[in-house]
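Data first, discussion second: the structure below is written as structure tokens.
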Amino acid sequence: MNPDGDRLANKVTDSNVSGNLVQAHSIGELNIHGSRIVVAAQDDAPAVGWRGRAELRVGGERLLLHDPVTESLSGDGAVRRHQALAQRLSSPHGYVWLRHDAVLRPTVGETPGARALDREAALLDRLGRRTELPRIVVHRADTTGSVLALHWPERTDGGPCDTLARLLERAAGPLAIWPAQRLLTALAELAGTLARLHAHGLSHRLLEPTGIIAASGGRLLPRDLGAAAQPPAAGEGPGDHQAPEQSHRGYGVPGPATDAYRLAAIAYHLVMGVPPHPRHPLPVPTDRLPSEAGRALADALAAEPGNRPDLSELGRRLLTAYGRY
């Protein structure tokens, strides 16, 4: 069932629930804080009940799902994906970014996205913990699918930190000059974090305001590794900040240059109040940010990936423009 209550292949029953529902395929246990429970059909996904107010038990953690819970299918229909912010009910308390990939049916060979979460967990282990990349809280996998929970930082009042998307919603237009400067310098530092992926021949490719956490101290942190654990695919990363090579033919293959475009598109959105046109973005007025920063964004928004600065150079140019390099 998706978050709007549409029926998929599951059987649905409405009743009050108490105690734990033990799932048949050992991913975890389920408790519903409410009255609606989804029971998996025998040939359906092993993890059930993915909706707001559901309580999951994964790897010794008790996790309460927050709305919205999103659900999608892989292009070949072999993998069902769920994701949501979740609250840790077991000690230590806090928040996690929780995702689950359920393998719905066997395929010939391995489906590219079937073990993407496992590969992402392996990448995070390999890249080390002494970076601003996400920290693994739980990773569990079996033949039916995988679950990965990544640490989500908290505000000083104990709530989950907002995403950059929430800041854009509150602004409802271009940010004032000083808030824009703070966020652009933070984006420049985020560029350095993501450049660690590029050093390993990887790229995020799904950078979006919803996937950037505004943490304490003015830091911007990636929510996850995006599509770094998956090969590029036609039409990946739809949305206002999609790079031309992700949606149009003739622009090359998505890769590290895609991250430079998407980060610049987000910066442009913060400054101008609207995303850039994918082929002909308007110049940023010089009264909105230093001219060198405007040129850096314009260069990174080039339609041809080969004409863009790499992510490290983009970050350096933004920091230099604000006297921070």
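The values are calculated or read from the model by the stated rules, or taken from the named source; none is laboratory data. Just so it is clear, the model here is predicted, and its values are computed rather than measured. Every residue, glycine among them, receives a Cβ derived from its backbone with ideal geometry; neighbour counts consider all protein chains shown. Please note that ligands, DNA and RNA were not included when accessible areas were found on the heavy atoms of the full protein model with its side chains. Shrake-Rupley method; radii C 1.70, N 1.55, O 1.52, S 1.80 Å.
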Residues of the range 227-266 with amide N under 14 Å of the 7 Å Cα→Cβ point at Arg126:
228-231
Mean-position separation - Cα centroids, the range 198-273 and the range 47-97, in angstrom
23 Å
From most to least accessible, 1.4 Å probe, no ligand or DNA/RNA atoms counted, Val274, Val103 line up as Val274, Val103
Can you put Asp118, Asp299 in order of accessible area, largest first, using a 1.4 Å probe?
Asp299, Asp118
At a 10 angstrom cut-off on C-beta neighbours, averaged per residue, how do the peptides 258-266, 81-89 rank from highest to lowest?
258-266, 81-89
Alpha-carbon spread of the range 232-325, three principal axes, descending order, Å:
38, 25, 17
Could you derive backbone 3J(HN,Hα) for the range 59-72 from the dihedral phi with the Karplus parameters 6.51, -1.76 and 1.60 (θ = phi - 60°), listing whole Hz in sequence and x where the residue is Gly or Pro?
x, x, 9, 9, 10, 9, 6, 9, 6, x, 9, 9, 9, 8
Mind ranking 70-78, 93-101, 53-61, 279-287 by how tightly packed they are, going by the mean number of other C-beta atoms within 10 angstrom, highest first?
93-101, 53-61, 70-78, 279-287
Could I get the Rg over Rh figure for the range 46-94? Both from C-alpha atoms, Rh via Kirkwood, rounded to two places.
1.04
What number do you get for the range 184-291 when its Cα radius of gyration is normalised by 2.2 N^0.38 Å, N = residues?
1.06
Place a point 7 Å from the Cα of His151 along the Cα-to-Cβ direction; which residues of the range 224-241 have their backbone N under 14 Å from it?
224
Report, to two decimal places, the Cα Rg of the range 55-195 normalised by 2.2 N^0.38 Å (N = number of residues).
1.21
